[in-house]
Amino acid sequence: MSTEPRLSIVTVVRNAADHLEETILSVLEQKHTKAIDYLVIDGGSTDGTLQVIERYADRLHYWVSEPDRGTYDAMNKGWRAADPESSILFLGAGDRVVSLPDRLGDYGPRDVLYGTVQMGPGRVFHPRADWHLRLYNTLHHQALLVPKRVHPEPPFDCRYPVYADFDFNQRMKKAGVDFVFCPQLIGYARPGGVSDCPRFTETLRVVRANFGFFWAALAISGYYAMRIMPLMKKLRPIRDV
């Protein structure tokens, strides 16, 4: 019996037939496929997404197509269906796995692994799991492997429609979970996702709920600093050389 650690990769999708197949293939073409359980949670699509899923159904560990209450409700369903001893990674339709760790067994059974995320031509998201995570959404789910044993029950709070994953990451940080950078863990995020349009008030709610008013105030200060700095550069007087 194999002792190789298992991965559960979960794709949540609704009406994204044009993008789903590239996501599915990016998982199924990984060389670690014997150690990967691939789960697809569809929210009752009506645009041909179901036909794409059925095309690969015999290679999926689990799939379902039924109405849900939004992205994080679907992600909770995927979490519930994943193997209790696996590490879980989430992809949306159009996201892709670029590379996975070769030797997952080298890490601790409760280590949360995080890596970089490609976000289009010339754009790379460099994650951080230090104090910055107390302020901002510094980890992206396309390159985040969380052992289910860290949180056996579905972890996403659906009261946060855009940043429930940020909330979960903060709660793990607050609980003292070990975050370990893994250079081999690389994902791709399709541009145009919901979180591409930041809802800063929601992130503040998350920060205040998890770390209190002080950190929320710091987050506000940092946000306005980032907004003001580009403006100041534009207003900087031009000097003759």
In the set Arg96, Arg171, Arg69, Arg110, the lone residue that is of a type outside the set (A, V, I, L, M, F, W, C) and part of a strand (DSSP E or B) is Arg96
Scanning the stretch 154-168 residue by residue, those assigned to a loop (DSSP other than H, G, I, E, B) and either touching a residue at least 12 places away in the same chain (Cβ under 8 Å) or surrounded by 16 or more Cβ atoms within 10 Å (Cβ to Cβ) (or both) turn out to be Pro154, Pro155, Phe156, Asp157, Cys158, Tyr160, Pro161, Val162, Tyr163
Q. Among the residues of the stretch 50-57, is any outside any strand (DSSP E or B), in contact (Cβ under 8 Å) with a residue 24 or more places away in the chain and closer than 19 Å to Ile186 by Cα?
A. no
Condition set in contact (Cβ under 8 Å) with a residue 40 or more places away in the chain and open to solvent by 80 Å² or more (accessible area, probe 1.4 Å), scope the stretch 109-138, selection nearest to the chain's Cα centre (by Cα): answer is Arg110
*Determine, yes or no, whether Glu4 is open to solvent by 20 Å² or more (accessible area, probe 1.4 Å), closer than 30 Å to Arg103 by Cβ and part of a loop (DSSP other than H, G, I, E, B).*
yes
When every residue in the stretch 174-191 that is touching a residue at least 60 places away in the same chain (Cβ under 8 Å) and outside any strand (DSSP E or B) is compared, the one surrounded by the most Cβ atoms within 10 Å (Cβ to Cβ) is Ala189
Cβ pairs under 7 Å, 6+ apart or interchain, first in the stretch 96-108 and crowded, with 19+ Cβ neighbours inside 10 Å, second part of a loop (DSSP other than H, G, I, E, B), ordered by first then second residue, are Val97/Gln30; Leu100/Gln30; Leu100/His32; Leu104/Pro5
Item to check | Verdict on Gln51 being of a type outside the set (Lys, Arg), open to solvent by 20 Å² or more (accessible area, probe 1.4 Å) and within 19 Å of the chain's Cα centre (by Cα) | outcome: no
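The values are calculated or read from the model by the stated rules, or taken from the named source; none is laboratory data. A quick note: this is a predicted structure, and the numbers were derived from the prediction, not measured. Quick reminder, even Gly has a Cβ in these numbers, built from the backbone with ideal geometry, and neighbours come from all protein chains shown. Note: areas computed on protein heavy atoms with side chains; ligands, DNA, RNA excluded. Shrake-Rupley method; radii C 1.70, N 1.55, O 1.52, S 1.80 Å.
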